Amino acid sequence: MPESIYDHNQIELKWEERWKNDPDLYRANDPTAKKYYVVEMFPYPSGRLHMGHVRNYSIGDALARYMWMRGFNVKHPIGWDAFGLPAENAAIKRNMHPRDWTISNIAEMKRQMHRMGFAYDWNLEIATCEPDYYKWNQWFFLKMFERGLAYRKKAMVNWCPECATVLANEQVIDGCCWRHETTPVEQRALEQWFWKITEYADELLRDIDDKLQHGWPERVLSMQRNWIGRSEGSEVDFKVESTGEAIRVFTTRVDTIYGATCVILAPEHPIAQKLLDDAGRAKAKQLIDARKQQGPGDLIKDGTFTGQYAINPYSGEKVPIWIGNFVLMDYGTGAIMAVPAHDERDFDFCTTFGIPIRPVIRPVDGELDENPKAAFCEYGITANSGEFSGLPSEEARRKMNQFAEEKGFGKAAITFRIKDWGISRQRYWGTPIPMIHCPKCGVVPVPEKDLPVELPYNVKFTGKGRSPLAEVPEFMNVKCPTCGADAQRESDTMDTFVDSSWYFYRYCDPKNNALPFDSAAAETWFPIDQYIGGVTHAILHLIYSRFFTKVMRDLGMITNSEPAANLFTQGMVLGSDGSAMSKSKGNVVDPEDMVGKYGADTCRLFVLFANAPEKDMPWIESSVGGPRRFLERVWRFVTRNIDRQPENPNPDADRKALRKLHQTIRKVTEDFDNRWHFNTSIAALMELINELYDQEAGLSRGVLDRILWDLVLLLAPFAPFMAEELWEQMGREGPVFRRQWPGWDDELVKEDTLEIPVQVNGKLRTRIAVPLGTSQADLEKIAQADPKVQPFIEGKTVAKVIVVPEKLVNIVVR
RNA sequence: GCCCGAAUGGCGAAAUCGGCAGACGCAACGGACUUAAAAUCCGUUUCUCCGUAAGGAGAGUGUCGGUUCAAGUCCGACUUCGGGCACCA
């Protein structure tokens, strides 16, 4: 009988068809089973999968299938973000409507996901860009507005004068427009909507330490800590000598305030604008412009004297007021005191402009350096600091804060680096902001009963400045809900990060039209057990969604304070040039080609086998043959043994094969439970099949049955098509994923003889084979008597023998 | 500058709690089968040295030092690469 050939196309197309038409395939048998919620992110709205995505989804897919086989009720949705702007640009390029582009893209993605056999829950379909879903973005906006968490202010945006339109940050390349590479981007002030994420800054930071430390990767947490950027310090008022107006400065080193030799304001600072004369204001404008063009990094310190002085409230000293280009308006109070002796930046600035340098901190066991050549930034002991002299920095800060508070010119203060979330986008394809501008009443929210404010379908994409919505009178003209006068709608739409901040809650109740989701449903599924996504989302998405969760909790919608208990950030797939595989770099590998050639199972096995999933994977296609050959070996072994009646069964082969089987079950199970190192799980499966080939001739029928059954179950999370097909050919009842994950027997896992390495002074000299359970004393005796060991201990004193049970013997000689 | 992460054969990698470094796979080489090739099956493969051979000795996980009977793993200092933040007061 000719051996059965593994024809991946025939098998995979067959099962793809069956799975596609079985909406209940991925529902647990038992609705009361414990839940396990896996969410995965699309890294890009590319509309086509590449092998980078395949790797990402293979990870979550294997996990979901495993959890399911462990008896959990698994929800495994996929999320996407940022369909707004890319969709609009792509649609303009193809002369399509963004809505049509989005719908066709999602259909295409869905087709590809099916071809790969991924077990996704597609409940939401296109909801994030349709009124069904974005109605609730608007609802959230109104709630934020009610609670004072949404506000409007003028803010700077990137503006391309050539396109006459607003650009997102990622469309600005080297300070120029992405479509006009020689046109510098300008900054314009536009009225924008903001959400007060800063209100939650403290809690967002605290929860990093309190709750997340075990389930989230350290690198993401440290990026978030960095981004939130809390620093403790003091605010102190320096009064302008001539006007008495207070300049509030922020410092983390109030203990050095007796060394402050000037006050420096950001060029934009309102007080600076008042104090400066015309020439000074021109200089300030020049500094602001120069900073924008240069960008951060290599800025040379520059500034100018305002001609005015301020009073140091601690010493009563009169110090000059300067403006400086390195002082940022949107951090702290936009004003600093310069202590050149103890801060490097102040030192640079003051040496440039000949401002005096006065040290007021000495090292704990050193002298005060009267003429410093460079700034000394460490904590130490205060000196020349009036009544606060001679104190350790820490204590000085405490006492000085207290003093300031008593006298009413300052206090201890905390500043965050994180800024409020600007959610306005001057784009069409996004959620319309549900606000109305009334000439009489000002800004008025759309009443909740009028939601959703729908996007008009007929829109011309003029690319001119305001949102395309502003050009649609039917949309813009509206009556004021308060006074009934003619009014205008807000023409901006929301950042699509708003969509992605809470979509995973909507998944647990996607058809709800009374609320964003039912609280009981959220209570069942949240927090998410496992969130999977690229590290690219570490900052924006993963902070916004934490913020949203806390807001929803405060709205009484949920009880959890964090969206996800565990976060897994998979490594990138690196293209042939060693950089991340991405469409814009043109180094992507298309899964369609690979799937056609090797099959989806092989592709998935290949990307999981390459290395541990949290590490970046270098793309070396030539090694895809290994996983493919492995699957062929499995295929042949199973198909030829389904009905075979063994001629010469022997117990030794049975025992060896069963031992390997049980060892493999344990290994794969532990990998799933602890660390998801699928590469080692797959290596274990390869070892198993190698052992089975060795023992094949001697296996009895009963053992074969057990082995075939478990082998296919073990394979199922990694190669679902083949597993399902083999399961069916074996005549078992499917689907294979409804079967219980196999267990192992600790007795069967044990080897009956052990190979114990014997070292002399830590150097390996031989290995001895001993029966399991040999006593330590016997091990010691056998090891010392070994002919290979003898020459190394002869004539020497055995000082000590270390025996690690079942592991090793080390003989220490002198 | 600050904060994270990484460094192991020709290549991707493994070694999970301080206990045999290189599992598993790729590539390469050799053998079986074949008229031949492919496929398949079975071997060999960290480096250096000794030996005709069976075999043996030494070195070895980016560098230098330390702790330990024992270090890829722990400690101290450094180098290189990758990532994040960056005049954040």
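Only the coordinates and a few stated rules stand behind these numbers; no lab work does. All values reported here derive from a predicted model rather than from experimental measurement. Neighbour counts run over all protein chains shown; Cβ positions are idealised from the backbone, glycine included.
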Q. What is the fewest-to-most order of A:Val478, A:Val804, A:Val668 by other Cβ atoms lying within 10 Å of their Cβ?
A. A:Val804, A:Val478, A:Val668
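Count the DSSP beta bridges whose two residues both fall in chain A, then state the antiparallel fraction as a percent rounded to the nearest 5.
Details: 73 of 96 bridges.
Rounded to the nearest five, the antiparallel share is 75 percent.
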Q | Two-site label geometry, A:Arg188 and A:Asp22: point separation in nm, points 7 Å out along Cα→Cβ | A | 5.6 nm
Q: Return the whole-Å distance between the Cα centroid of segment A:694-765 and the Cα centroid of segment A:451-522.
A: 55 Å
Q.
Helix-only mean residue ellipticity at 222 nm, chain A, DSSP H runs n ≥ 4 weighted -39,500 (n - 2.57), per residue, nearest 500. What is it?
A. -11500 deg cm²/dmol
Q. Taking H as built 1.01 Å from N, whose amide H comes closer than 5 Å to the amide H of A:Leu567, not counting residues under 5 places away?
A. A:Trp216, A:Tyr531
Q.
Given the C-alpha atoms of segment A:300-418, compute the convex hull and give its volume per residue in Å³.
A. 127 Å³
(Q) Quick check: pseudo-label points 7 Å beyond the Cα along Cα→Cβ at A:Lys479 and A:Asn123, how many nm apart are they? (A) 3.9 nm
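Within 10 Å, count the other beta carbons around each residue, average over each peptide in A:199-207, A:513-521, A:253-261, and list them highest first.
Most protected by this proxy first, the peptides run A:253-261, A:199-207, A:513-521.
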**Q.** Normalised per residue, the volume of the convex hull around the Cα set of segment A:655-746 (Å³)
**A.** 96 Å³
Q | Simple Cβ-charge dipole of chain A, Lys/Arg +1 and Asp/Glu -1, about Cα centre, in debye nearest 20 | A | 420 debye
Q.
Based on Cα coordinates alone, diagonalise the gyration tensor for segment A:580-647, multiply each eigenvalue by 5, take square roots, and list the semi-axes in whole Å, largest first.
A. 32, 13, 8
Q: Using θ = phi - 60° and the Karplus relation 6.51 cos²θ - 1.76 cosθ + 1.60, list the HN-Hα couplings for segment A:263-274 in order, rounded to whole Hz, with x at every Gly or Pro.
A: 10, 10, 9, 5, x, 7, 4, x, 5, 4, 4, 6
(Q) Per 0.36 nm of contour for each residue apart, how much would the distance between A:Ala412 and A:Lys460 grow if the chain were fully extended, relative to their Cα-Cα spacing? (A) 11.9 nm
(Q) Between 0 and 90 degrees, rounded to the nearest ten: what's the tilt of helix A:497-506 against the longest Cα principal axis of chain A? (A) 50 degrees
Q) Just from the alpha-carbon atoms, what are the Rg and Dmax of segment A:222-378 in angstroms? A) 15.7, 50
Q) Hey, got the Cα dimensions of segment A:596-710 along the principal axes, in Å, largest first? A) 48, 33, 18
Q.
Rg/Rh for segment A:716-755 to two decimals, with Rh computed the Kirkwood way over all alpha-carbon pairs.
A. 1.21
Q: For the pairs A:Lys153/A:Lys411; A:Lys110/A:Lys153; A:Lys153/A:Lys407, note any where the Cα-Cα span goes beyond 32 Å.
A: A:Lys110/A:Lys153; A:Lys153/A:Lys407
Q. How much of the calculated P(r) for segment A:711-798 lies past 21 Å, in percent of all Cα pairs?
A. 57 percent
(Q) As I understand it, the value is the acute angle between the Cα axis of helix A:600-609 and the longest principal axis of the Cα atoms of chain A; what does it come to in degrees, rounded to 10? (A) 70 degrees
Q) In a shell of Cβ-Cβ distance under 13 Å around A:Lys479, excluding A:Lys479 itself, what net charge do Lys and Arg (+1) and Asp and Glu (-1) give? A) 0
Q. Expressed in nm², what is the orientationally averaged projection area of the convex hull enclosing the Cα positions of segment A:530-636?
A. 9.4 nm²
Q) Considering only segment A:231-328, what is the antiparallel percent among its DSSP beta bridges, to the nearest 5? A) 80 percent
Q.
Helix A:701-715 against the longest principal axis of chain A: what's the angle in degrees, Cα atoms only, rounded to the nearest 10?
A. 10 degrees
Q.
Give me the extension gain from A:Ala697 to A:Glu733: residue separation times 0.36 nm, minus the current Cα-Cα distance, reported in nm with one decimal.
A. 10.2 nm
Q) Can you list the residues, at least 5 places off or on another chain, whose amide H is less than 5 Å from the amide H of A:Asp121, using H built in the peptide plane? A) A:His76, A:Ile78
Q) What is the local net charge at A:Val453, summed over the other residues whose Cβ is closer than 13 Å to its Cβ (Lys, Arg +1; Asp, Glu -1)? A) -3
Q) Using θ = phi - 60° and the Karplus form 6.51 cos²θ - 1.76 cosθ + 1.60, what ³J(HN,Hα) does each residue of segment A:641-647 get, whole Hz, x for Gly and Pro? A) 10, 4, 10, 5, 9, x, 8
**Q.** Spin-label pair A:Val798/A:Ala683, simplified geometry with 7 Å Cα→Cβ offset, distance in nm
**A.** 3.5 nm
Q) Which values of log₁₀ I(q)/I(0), to two decimal places, follow from the Debye formula for segment A:428-483 at q = 0.24, 0.27, 0.29 Å⁻¹ with a uniform point scatterer at every Cα? A) -1.05, -1.21, -1.29
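State the extension gain, in nm to one decimal, for the chain segment bounded by A:Asn384 and A:Gln776, taking 0.36 nm per residue of separation less the distance between their alpha-carbons.
Computed gain between A:Asn384 and A:Gln776 is 134.1 nm.
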Q | segment A:298-329 residues near the modelled A:Ser242 label - backbone nitrogen below 16 Å, point 7 Å along Cα→Cβ | A | A:304-311, A:319-323
Q.
Bins of 20 Å, beginning at zero and ending with the bin holding the largest distance: percent of Cα pairs per bin for chain A, please.
A. 13, 34, 31, 19, 4, 0
Q | Equivalent ellipsoid semi-axes - Cα gyration tensor, segment A:196-298, angstrom | A | 36, 20, 13
Q. Which residues' amide hydrogens lie under 5 Å from the amide hydrogen of A:Thr766, considering only partners 5 or more residues apart or on another chain, with H built in the peptide plane?
A. A:Val758
